[in-house]
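Peer 1: Attaching a single structure in structure tokens format; questions to follow.
The values are calculated or read from the model by the stated rules, or taken from the named source; none is laboratory data. Model, not experiment: these values are computed from the prediction. Please note: Cβ atoms are built from the backbone with ideal geometry, for glycine as well, and neighbour counts cover all protein chains shown.
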Amino acid sequence: MGVEGIGARVVRKEDKRFITGKGRYVDDIKLTGMTHAYFIRSPHAHAKVKGIDSSAALKMPGVVAVLTGKQLVDDKVGNLICGWAITSKDGSPMKMGAWPAMAPETVRFVGQAVAVVIAESKNLARDAAEAVVVDYEELPAVADMQAAIKAGAPQLHPEAPGNQVYDWVIGDEGATDAAFSKAANVVKLDVTNNRLAPNAMEPRAAIADYDAAEEHFTLYTTSQNPHVARLVLSAFYNIAPEHKLRVIAPDVGGGFGSKIFIYPEEMVALWASKKVGRPVKWTGDRTEAFLTDAHGRDHVTHAEMAFDTSNKIIGLKVKTYANFGAYMSLFSSSVPTYLYATLLSGQYNIPAIHAEVIGVYTNTTPVDAYRGAGRPEASYLIERLMETAARQLNVDPAELRRTNFITQFPHQTPVIMAYDTGDFNASLDAAMKAIDYAGFAARKAQAKSQGKLRGIGVSCYIEACGIAPSKAVGSLGAGVGLWESAEVRVNPVGTIEILTGSHSHGQGHETTFCQLVADRLGVPISQVSIVHGDTDKVQFGMGTYGSRSAAVGLTAILKAMEKMESKAKKIAAHALEASEADIVIENGEFKVTGTDKAIALPMVALAAYTAHNLPDGMEPGLKESAFYDPTNFTFPAGAYICELEVDPGTGKTSFINFVAADDFGRLINPMIVEGQVHGGLAQGIGQALLEHAIYDANGQPVTASFMDYAMPRADDLPSFNLSHTTTLCPGNPLGIKGCGEAGAIGASAAVINAITDAIGKNNLEMPATPDRVWRTIHAA
Amino acid sequence: MYQTTYHRASSVDEAASLFAKSSEAKFLAGGQTLLPVMKQRLASPSDVIDLAKIKDMIGVEASGDTLTIKAATPHYDVATSDAAKKAIPALAYLASLIGDPAVRYRGTIGGSIANNDPAADYPAALLALDATVKTNKRSIAASDFFKGLFTTALEDGEIVTAVSFPVPAKAGYSKMPHPASRFALTGVFVAQTKSGEVRVAATGASQNGVMRVSAIEAALKTNWSPAAIDSVSIPASGLLADIHGTAEYRANLVKVMAQRAVAAAG
């Protein structure tokens, strides 16, 4: 415990360097002899590359090389992979077209690279890129998912007829049909989950440095999971074997999922570095981020929910079309399947569920995991359905939810997930109290007298996080295990280094992970440092995504700590001539319980390293490692309620209040947790009100800059009213569930439920822009 | 950005002479449009002549029935100017709504009107207040100055030095910001001159840039009140439409913003 232990609101250690401009991001790194890459990207959504003439560019000042997709293929650099195999309902494997890092023959989305210029500076590379002549033969393109699956639509990949990647099902169709046949009421809803551009603050970047003497590559890259990057680059892309490839992800300015994946640019940089014999740097700009960072969401769904006469849900049918863009990105296949349909039970007892998901290719930027990844889509669908049902059944929306809440745990849903614990009534109670739900009717009437339309919207979300048990994800098609590793090094002077396979790109690991050490040893966090993001320093790790770093990564640290403490206690007992069982650790000291005999941690550490007087047979040193593989996902859940007003004259939404009652299990640093919730809510509200990555019918992006793509700003958001109800996660010793994605998962439905309540019309798509809301109000 | 030669002019005359000597020069004021366009390599001026540090071009002055804003005065200075707030509070308010803080610290009135973006805020004020644009060569009435999208009466090399606004009897501005860019999705400036003329100008609405709204002017001339606009019908034809607002929505906004501007004007 203590002022810096678990549960303490410790100020983030890493912020000093970030807010004083001393962070070290990839673009800050400059290597001797470094060259700069500029990619030549397709302006067409679909075209044949008939030829590339780089002769003029090669004569320009400072140009080192112009490399094309054809050369990449000739050098046998592998195509990009999708790491999660999905099987269609007819038993066939998913159908994928090849994705070369630069297109040798065909481009399939605006922004796809066809060649790269390597030059002495970025500007010279860009100058030369303008002199490269690419001969395109335009092909018909299709950007709209519904258009792409129609007969006669332009075809993207010969491997995927009808532009269909898979047609996947989950649940029991017969049982679901039977439930619907007995239904007293059926509620139907069509929803679109709008496509989002992730927009991490730091654009993606890479520096590749090939050492010809050692035949060794170093890659500095903006990655959420450098070890996974090394694994994929080695195993699938023929870049270099693992021991000849070091991947470093230094300070990374936000990821939100978009930096999980292996992208063409880092592969090309590695390959180009060897080709030109010099380090190659690429830093994307914002336009490239809009065009090439994997987008998120983009579902079109029809759902039906069956109720019995007592308003209990008896069945759920879902059919979803998921847009994958032009290529299957690294984890894309899992997002609308195992990360989406497995959460369709929400917080509710639903005895029968059947869902079908059809994955579709279009001439758009690839779509993959983005904060929440599948779970926001599931939560939005279920919570819009519950609201729709409450309106149709004429019952209070909160009450309808209570009628159907799961209250017994563990609970096996019909769609794989086994919820371990939770108290959904407690979080809904807390949220309703915080927003004075009972007093809403009076406030609505008061607002009406002032010409404003006031609404309230509830969203009760659940997510599966701490992603998670390797055996489980392996059985579902994952190409990797999803454990985490850690190493605890106690230095001879008693300072502590924690090596973790988790990667911090804004989450505050350098603080929270230290708090666990402070909690267990009673040392100040200033004595502890966190080492991450370098495959040469950390043996292995699976990285940070899916709200997994505390539940999985921190537990791995705990396991390593326990091993280290066990050895240290033996050393202390030996030094104090006491029984190991009597040694307790307090305030940085190993004490013999019930006595005043003690030895400080530095002395124990020194004893371990001098090895002058260790117990017989003990190895010197004080360093332990652990791998931790949880037995289940974790299930963070909560209730969000939004109260807002709509201006009928303009359709503009103004927040009155937004309350969030989350159950994240144990909180390590409540201040950091609140920051995570704030950020998630901002993204969820951004999706609900502002953000939409749009393409025209020909696949040209309409929103490729912040002048058109509306990112939420501080004045678009309310002050959040946060609280926590806690059930400890039984699946890990710290009782942690994870908090990184909740806000983005739960917020959108609360907002849309509130707006539709305010305007008295149920059908409203996201983003609920003032124009769209105004037109909905005034629609016949 | 392509190579260019940067000049910091110390006087209007020096700026004009630098311009005359350059092959394809551009004047730089706050740089809120020119610099992003140059960064995207959509503009490649041989020379960039910075006007923003010319002392004679910065400041807000009230004299009698005229408020003069010199061309290189940033929006923030106008928004916080006591003289502006006293003479034409609606104009100071308009300046406080432009873009975001970073834009307001850099962007200038001269740069804004010389660029004449169809969704910029200032053109609505100039047109509604019947302002006069002063250049290094002449004076141009606002109604003669704006010539359609990104087009003005300025001749090649002509420099806006100031804008003078007759102080109105009443004025108000109301704006629905574009959710991404914070330009005006539609903004309406209403003014009643001291001689009783009613002038209403809308920005962000028309495909031809800032426009007078004669139907609303007529209604307000009869009855200066928000309710007077209730019965006015604004046609959607000829209005801008994009992902953030249909033409019908903008037509509605012209009316609603005008009503709110009148309410604000009192």
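Peer 1: Pick out the one residue from A:GLY731, A:GLY735 that is away from chain B (no Cβ under 11 Å) and modelled with pLDDT under 95.
Peer 2: Answer to the selection: A:GLY731.
Peer 1: Within the range B:183-198, restricting attention to residues that are surrounded by 24 or more Cβ atoms within 10 Å (Cβ to Cβ) and away from chain A (no Cβ under 14 Å), which residue is nearest to B:PHE146 (Cα to Cα)? Step through it out loud before you land on a result.
Peer 2: Just the residues of the range B:183-198 that are surrounded by 24 or more Cβ atoms within 10 Å (Cβ to Cβ), to begin with: B:184-191.
If we keep only those that are away from chain A (no Cβ under 14 Å) too, we end up with B:189-191.
Working: B:PHE189: 16, B:VAL190: 18, B:ALA191: 18 Å.
Within the range B:183-198, the match that is nearest to B:PHE146 (Cα to Cα) is B:PHE189.
Peer 1: Looking only at residues in the range A:738-768 that are within 14 Å of chain B (Cβ to nearest Cβ) and of a type in the set (A, V, I, L, M, F, W, C), which one is surrounded by the most Cβ atoms within 10 Å (Cβ to Cβ)? Explain how you work it out, then say what you get.
Peer 2: Residues of the range A:738-768 within 14 Å of chain B (Cβ to nearest Cβ): A:765-768.
Still in the list and also of a type in the set (A, V, I, L, M, F, W, C): A:766, A:768.
On the way: A:MET766: 26, A:ALA768: 24.
Applying the filter and picking the extreme gives A:MET766.
Peer 1: Now, a different point. Considering only residues that are surrounded by fewer than 19 Cβ atoms within 10 Å (Cβ to Cβ) and farther than 20 Å from A:ALA143 by Cβ, which ones fall in the range A:695-721?
Peer 2: Within the range A:695-721, A:PHE706, A:MET707, A:MET711, A:ARG713, A:ALA714, A:ASP715, A:ASP716, A:LEU717, A:PRO718, A:SER719, A:ASN721 qualify.
Peer 1: Here's a follow-up. Can you spot a residue in the range A:469-481 that is crowded, with 24+ Cβ neighbours inside 10 Å, among the hydrophobic types (A, V, I, L, M, F, W, C) and in contact (Cβ under 8 Å) with a residue 12 or more places away in the chain? Before you say what the answer is, go through the steps one by one.
Peer 2: Quick first cut of the range A:469-481, residues crowded, with 24+ Cβ neighbours inside 10 Å only: none.
Checking the range A:469-481: not a single residue is crowded, with 24+ Cβ neighbours inside 10 Å, among the hydrophobic types (A, V, I, L, M, F, W, C) and in contact (Cβ under 8 Å) with a residue 12 or more places away in the chain.
Peer 1: Kindly indicate which of B:ALA263, B:ALA236 is within 13 Å of chain A (Cβ to nearest Cβ), touching a Pro at 6+ places or on another chain (Cβ under 7 Å) and at pLDDT 95 or above.
Peer 2: Going through B:ALA263, B:ALA236 in turn, the sole match is B:ALA263.
Table: residues versus (1) assigned to a strand (DSSP E or B); (2) among the acidic types (Asp, Glu); (3) surrounded by 18 or more Cβ atoms within 10 Å (Cβ to Cβ); (4) assigned by TED's automatic domain parsing to the domain that holds A:ILE694.
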| residue | (1), (2), (3), (4) |
| --- | --- |
| A:GLN155 | no, no, no, no |
| A:GLU159 | no, yes, no, no |
| A:ILE170 | yes, no, yes, no |
| A:THR176 | no, no, yes, no |
| A:ALA179 | no, no, yes, no |
| A:VAL186 | yes, no, no, no |
| A:ASP190 | yes, yes, no, no |
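Peer 1: Looking at the range B:244-254, which of its residues are surrounded by 24 or more Cβ atoms within 10 Å (Cβ to Cβ) and more than 8 Å from chain A (Cβ to nearest Cβ)?
Peer 2: B:ARG250, B:VAL254 - these are the residues of the range B:244-254 that are surrounded by 24 or more Cβ atoms within 10 Å (Cβ to Cβ) and more than 8 Å from chain A (Cβ to nearest Cβ).
Peer 1: Hey, another quick one. Within the range B:1-120, considering only helices (runs of 4 or more DSSP H) that don't extend past its boundaries, which have at least 3 residues that are within 14 Å of another protein chain (Cβ to nearest Cβ)?
Peer 2: Ranges flagged: B:34-39, B:101-106.
Peer 1: Kindly indicate whether any position in the range A:94-109 is of a type in the set (D, E, K, R), part of a loop (DSSP other than H, G, I, E, B) and in contact with a helix residue (DSSP H, G or I) (Cβ under 8 Å, 6 or more places away or on another chain).
Peer 2: The answer is yes; a qualifying residue exists.
Peer 1: In the list B:ALA241, B:ALA215, B:ALA180, B:ALA219, which residue meets the criterion of being within 14 Å of chain A (Cβ to nearest Cβ) and touching a residue at least 12 places away in the same chain (Cβ under 8 Å)? It would help to see each step written out before you state the result.
Peer 2: Numbers: B:ALA241 fails: touching a residue at least 12 places away in the same chain (Cβ under 8 Å); B:ALA215 fails: within 14 Å of chain A (Cβ to nearest Cβ); B:ALA219 fails: within 14 Å of chain A (Cβ to nearest Cβ).
Selected residue: B:ALA180, the only one of B:ALA241, B:ALA215, B:ALA180, B:ALA219 that is within 14 Å of chain A (Cβ to nearest Cβ) and touching a residue at least 12 places away in the same chain (Cβ under 8 Å).
Peer 1: Please work out if A:GLY684 is more than 9 Å from every other protein chain (Cβ to nearest Cβ), surrounded by fewer than 24 Cβ atoms within 10 Å (Cβ to Cβ), touching a residue at least 60 places away in the same chain (Cβ under 8 Å) and in contact with a Lys or Arg (Cβ under 9 Å, 6 or more places away or on another chain).
Peer 2: Against the criterion (more than 9 Å from every other protein chain (Cβ to nearest Cβ), surrounded by fewer than 24 Cβ atoms within 10 Å (Cβ to Cβ), touching a residue at least 60 places away in the same chain (Cβ under 8 Å) and in contact with a Lys or Arg (Cβ under 9 Å, 6 or more places away or on another chain)), A:GLY684 does not qualify.
Peer 1: All but one of (1) surrounded by fewer than 24 Cβ atoms within 10 Å (Cβ to Cβ); (2) charged (D, E, K, R); (3) within 14 Å of chain B (Cβ to nearest Cβ) hold for A:ASP771; state the number of the condition that does not hold.
Peer 2: Condition (1) is where A:ASP771 drops out.
Peer 1: Being assigned to a loop (DSSP other than H, G, I, E, B) and modelled with pLDDT under 95: is that true of A:ALA693 here?
Peer 2: Answer is no for this residue.
Peer 1: Which members of the range A:532-572 meet the condition of being free of Cβ contacts under 8 Å to residues at least 40 places away in the same chain and among the aliphatic types (A, V, I, L, M)?
Peer 2: Selection gives A:ALA572 alone.
Peer 1: Moving on. Looking only at the range B:123-141, how many residues end up being under 19 Å from B:ASN208 (Cα atoms), surrounded by fewer than 23 Cβ atoms within 10 Å (Cβ to Cβ) and in contact with a Pro (Cβ under 9 Å, 6 or more places away or on another chain)?
Peer 2: Going through the range B:123-141 one residue at a time, the tally reaches 1.
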